[in-house]
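The values are calculated or read from the model by the stated rules, or taken from the named source; none is laboratory data. Bear in mind the structure is a predicted one, so any value in this text is a computation, not a measurement. Backbone-built Cβ (ideal geometry, glycine too); neighbour counts: all protein chains shown.
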2 protein chains.
Amino acid sequence: MGSQLIRIIACFGLICGGWTKKTQSVSTPNIVIMLMDDMGWGDLGVFGQPNKETTNLDMMASQGMLFPSFYTANPLCSPSRAALLTGRLPVRNGFYTTNGHARNAYTPQEIVGGISEDEILLPKLLKTKGYVSKIIGKWHLGHRPGYLPLKHGFDEWFGAPNCHFGPYNSSDRPNIPVYNNSEMIGRYYEEFVINRKTGESNLTQIYLEESLRFIQNQAMNHQPFFLYWAVDATHAPVYASKLFRGKSQRGLYGDAVMELDYSVGKILGHLVKLGIDKDTFVFFTSDNGAAVMSGPHQSGSNGPFLCGKETTFEGGMREPAIAWWPGRIPAGTVSQQLGSVMDLFTTSLSLAGLLPPDDRIIDGIDLTPTLLNNSLIDRPIFYYRGNEMMAVRVGLYKAHYWTWSNSWEEFNKGINFCPGEEVAGVTTHNQEEHTMQPLIFHLGRDPGEKYPISVQTKEYLVVLKHISAVVDEHKRKLVPGVPQLNMCDLAVMNWAPPGCEKLGKCLKAPKSDPWKCDWPH
Amino acid sequence: MGSQLIRIIACFGLICGGWTKKTQSVSTPNIVIMLMDDMGWGDLGVFGQPNKETTNLDMMASQGMLFPSFYTANPLCSPSRAALLTGRLPVRNGFYTTNGHARNAYTPQEIVGGISEDEILLPKLLKTKGYVSKIIGKWHLGHRPGYLPLKHGFDEWFGAPNCHFGPYNSSDRPNIPVYNNSEMIGRYYEEFVINRKTGESNLTQIYLEESLRFIQNQAMNHQPFFLYWAVDATHAPVYASKLFRGKSQRGLYGDAVMELDYSVGKILGHLVKLGIDKDTFVFFTSDNGAAVMSGPHQSGSNGPFLCGKETTFEGGMREPAIAWWPGRIPAGTVSQQLGSVMDLFTTSLSLAGLLPPDDRIIDGIDLTPTLLNNSLIDRPIFYYRGNEMMAVRVGLYKAHYWTWSNSWEEFNKGINFCPGEEVAGVTTHNQEEHTMQPLIFHLGRDPGEKYPISVQTKEYLVVLKHISAVVDEHKRKLVPGVPQLNMCDLAVMNWAPPGCEKLGKCLKAPKSDPWKCDWPH
Ligand SMILES: [Ca+2]
Ligand SMILES: [Ca+2]
């Protein structure tokens, strides 16, 4: 008794190792994955955004663990999200195209494909442990009926299958539907308004309300839950509600960030209020780098990193990331672990006491040792465009086997994936092959990828040898999945989603006339 | 009694406003200004350096106030330091040249000039309130006898009058002397070794020991002190002691930062240990942006900002800045105040109960209201190169009247002040005049100065009108000082500094043969 008291005092304000853990064992903690859309590494105060407007996220970091080297699996929405939910690289789970070399493909509504039924998604596995799963926001793994969230393990859904980036009226092409579970309840720019002139929309508030209600219901039912909060206010066209319009020093984009930051604070506060914060693992990240090609009004910041969305430079794939789990994850820590959105699959399973499927290669690793003990696990990060491995990071080194920002043709039209940035021989407008002699950077000394290490140094040779072995091993085991993003067809668009009849919002589809989708970059 | 107890409990962990302040009034607080050399905004974890290696500075920020919009008065060493200690722009205090248009001039040892005796430096004024002042590290306001620190109000000095950037042996030109008070005690690369191959040097440790000893002595004497800790380990050639070599993931530059960070922690800890932390105002900042032209081994990061040292883009002049004063400055706060190194002059005087001289224009403002109450004071920031006002910041807007990174001639030799960065019409290699129609940026939306606001917008017209009034007012009152950095002469170098006889280290000066110094950028 006396010695326990001393122990409690000694532990006050410190991390109390195994002792604390034992008293708080949670066999099926709730899991909340907050996935932002096109938010950049440099958009959070804690990652150096100069205006320091993300007080809730900065607080989340001070109570949790910050990951400065956390990556997405692909520099754009759909493949990144497919990777998160399957724990597998897009080249394995089929979220890529072979219609051109090293092309970025995603799921606009003319796309025929979607997530294969052979893929096993996180919520389906969590269900075996009694989890109730909900996705709030953007799905993006295919909008045709068989591809929708409730067909792949989610129990509930509130959100849209595609991006809110056009169309803006249903005259030529159907506006994107918003679903409540398995039926549409309206469309963007119709029932779900985003004012394109002012950027005003209540969507983030709606998504917040949906999440608070879901969490509350699950807490009352004492049922473990998985909430995949996939909000999209920071994807162009960027939006914020009236409450947040004009709040930020950064303009509309900053308003959107502030509203999301506010929402994060509300959700964490809700967990605390319901007394389930110590039973809930929360992870905040983004699906790809800031879309800097969209300019300062419609995109964010990748901090000191090169280029942005669509590229395999750091600006395209390094993401803001914070883990939060009071009492389990040590507060105010920084992890140097190389992490990936795919790890959220494996780690979530691990937290729920599950192993990942053993009949396929899973790229995500279990970050539990990192989260609970800040230990480090050696693992590479692969940077893909389509089915081409463009680059790999091993430790502090990154090797580019191919470089490409975007084509001269697109660049000359004013599309620039690296505005204001130009590194000779690195930000190339032709697809440049370096497979025989990759460009190697030391990301510790040179996070901005500006200074390739000279091929004549011993450092280069030693690193290349080490990285080559990792790449060879990766390529040897690589069996690409069936590419899902090759075919397009106007007939598959969201003309008449389930539920349209009730609303009188069914549109007439044209005749099927499929073509090979053209992916320009 | 009962109500006081409630008050104490209510205040636990909170900022306790006027009540706390009343009980801790300090009429002459100690003042510590920590001025880094060429350290960039982006070099601190708290400002977004991805490796998060500055745990002491990050802790300092969490206990103090962070300034994301704090500026130097000039994008290089000497003028910046002259401005800090006089509270005046270099164009007023004479730390500039008229030998070419918009040139950066400083004080290498062939320079004839130095700080004018008409200028009144901070330590001289503080002396009237009983302060003992010491400078540790780099002086850089002139090395000829009349210009040295003890002639301008400092009571003690340990350090060097010039940069440790060459010469590296005394054969052609004298190595830079290191002074203890008014006599030299050795020279760089002789008694004070910096291994140019490994970057190893004990200098930061020596500077740390000197500062701890000074603080301790003053605390024991119960005498208020001003410590100007002007360490230079992050100026090329960058150095770190054996203890820190290889510690950083960022290479030698990071090692130097880590050793300085460690030293900051030691100094703050010393203040706490001596029980004088609540009587000591500490301010950490840097003299100019990271010298990105020196490459990844010898320079740091300016985070998301454009270019670096020598330029009037944000990367050249925005500085890391943290204020710390437990019990007085609210902990963990961020101030959006536009600050300047010149404010350290006026603010220090204010803290000591002094007013700045009223017979001259003082550019520094009193930041006390900001520090103690996080209030905001409207004031412009001027960006000078030589006697040319290149740019001005008013609120969130910055207007460039002249743009220039460096000349084609220098650029073609491989000297690049903006490596990897190129913004058409902004990072120009000719001196481009925009005085009739300045380039205007919104630094909130566009901290990287990549998107000039269109001159055809209403925003541009409104902002220009407002900024023009500020500029007109500034220019109307501007009376340039006598330029001190025009003349050079090999005879004035550190051949035979005071004290050299005792050491047998006097060198023979050549005959005087002055020339107009050539400043290439
Ligand atoms: Ca996205
Ligand atoms: Ca400097």
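Quick notes
- Test: residue in the range B:261-283 that is away from chain A (no Cβ under 14 Å), crowded, with 23+ Cβ neighbours inside 10 Å and within 16 Å of ligand 2 (Cβ to nearest atom): no
- So B:VAL193, is it within 16 Å of ligand 2 (Cβ to nearest atom) and not aromatic (Phe, Trp, Tyr): no
- Considering residues of the range A:284-295 that are in a loop (DSSP other than H, G, I, E, B) and crowded, with 24+ Cβ neighbours inside 10 Å only, the residue nearest to the other protein chains (Cβ to nearest Cβ): A:ALA290
- Selection from the range A:242-254 of residues that are surrounded by fewer than 20 Cβ atoms within 10 Å (Cβ to Cβ) and more than 14 Å from chain B (Cβ to nearest Cβ): A:LYS242, A:LEU243, A:ARG245
- Condition broken by A:SER248, with the remaining ones in (1) small (Gly, Ala, Ser); (2) away from ligand 1 (no atom under 14 Å from the Cβ); (3) in contact with a Cys (Cβ under 9 Å, 6 or more places away or on another chain) satisfied: (3)
- Answer residue from the range A:196-243, given it is closer than 20 Å to A:VAL132 by Cα and part of a loop (DSSP other than H, G, I, E, B) and is nearest to ligand 2 (Cβ to nearest atom) among those: A:VAL231
- B:VAL193 being assigned by the TED database to the domain that holds B:GLU110, modelled with pLDDT of 95 or more and buried (at least 20 other Cβ atoms within 10 Å of the Cβ): no
- Selection status of A:VAL178, surrounded by 15 or more Cβ atoms within 10 Å (Cβ to Cβ), among the β-branched types (Val, Ile, Thr) and in a strand (DSSP E or B): yes
- Checklist (1) away from chain B (no Cβ under 14 Å); (2) over 24 Å from A:GLY316 (Cα atoms) applied to A:LEU76, failing item: (2)
- Per the conditions (1) within 14 Å of chain A (Cβ to nearest Cβ); (2) without any contact (Cβ under 8 Å) to a residue 40 or more places away in the chain; (3) β-branched (Val, Ile, Thr), the sole criterion not satisfied by B:THR427 is (2).
- A:THR28 being surrounded by fewer than 19 Cβ atoms within 10 Å (Cβ to Cβ), modelled with pLDDT of 95 or more and under 21 Å from A:LYS124 (Cα atoms): yes
- Per-region count, the range A:311-334, residues within 13 Å of ligand 1 (Cβ to nearest atom) and surrounded by fewer than 24 Cβ atoms within 10 Å (Cβ to Cβ): 0
- Residue check for B:LEU208: in contact (Cβ under 8 Å) with a residue 40 or more places away in the chain, surrounded by 23 or more Cβ atoms within 10 Å (Cβ to Cβ), within 25 Å of B:LEU503 (Cα to Cα) and assigned by the TED database to the domain that holds B:SER133: yes
- Within the range B:434-455, not a single residue is more than 14 Å from every other protein chain (Cβ to nearest Cβ) and among the acidic types (Asp, Glu).
- Top-ranked residue of the range A:29-42 - restricted to ones that are in contact with a Gly (Cβ under 8 Å, 6 or more places away or on another chain) and more than 13 Å from ligand 1 (Cβ to nearest atom), ranked as farthest from the other protein chains (Cβ to nearest Cβ): A:TRP41
- Qualifying positions in the range B:468-521 - in a loop (DSSP other than H, G, I, E, B) and free of Cβ contacts under 8 Å to residues at least 24 places away in the same chain: B:ALA496, B:GLY504, B:CYS506, B:LYS508, B:ALA509, B:PRO510, B:LYS511, B:SER512
- Matching residues in the range A:25-57 - criterion: being in contact with a strand residue (DSSP E or B) (Cβ under 7 Å, 6 or more places away or on another chain) and over 22 Å from A:MET342 (Cβ atoms): A:VAL46, A:LYS52, A:LEU57
- Candidate set: the range A:399-424, residues that are within 13 Å of another protein chain (Cβ to nearest Cβ) and touching a strand residue (DSSP E or B) at 6+ places or on another chain (Cβ under 7 Å); chosen: the one nearest to A:MET317 (Cα to Cα): A:GLU421
- Some residue of the range A:128-147 being assigned to a strand (DSSP E or B), within 23 Å of A:MET39 (Cα to Cα) and among the charged types (D, E, K, R): yes
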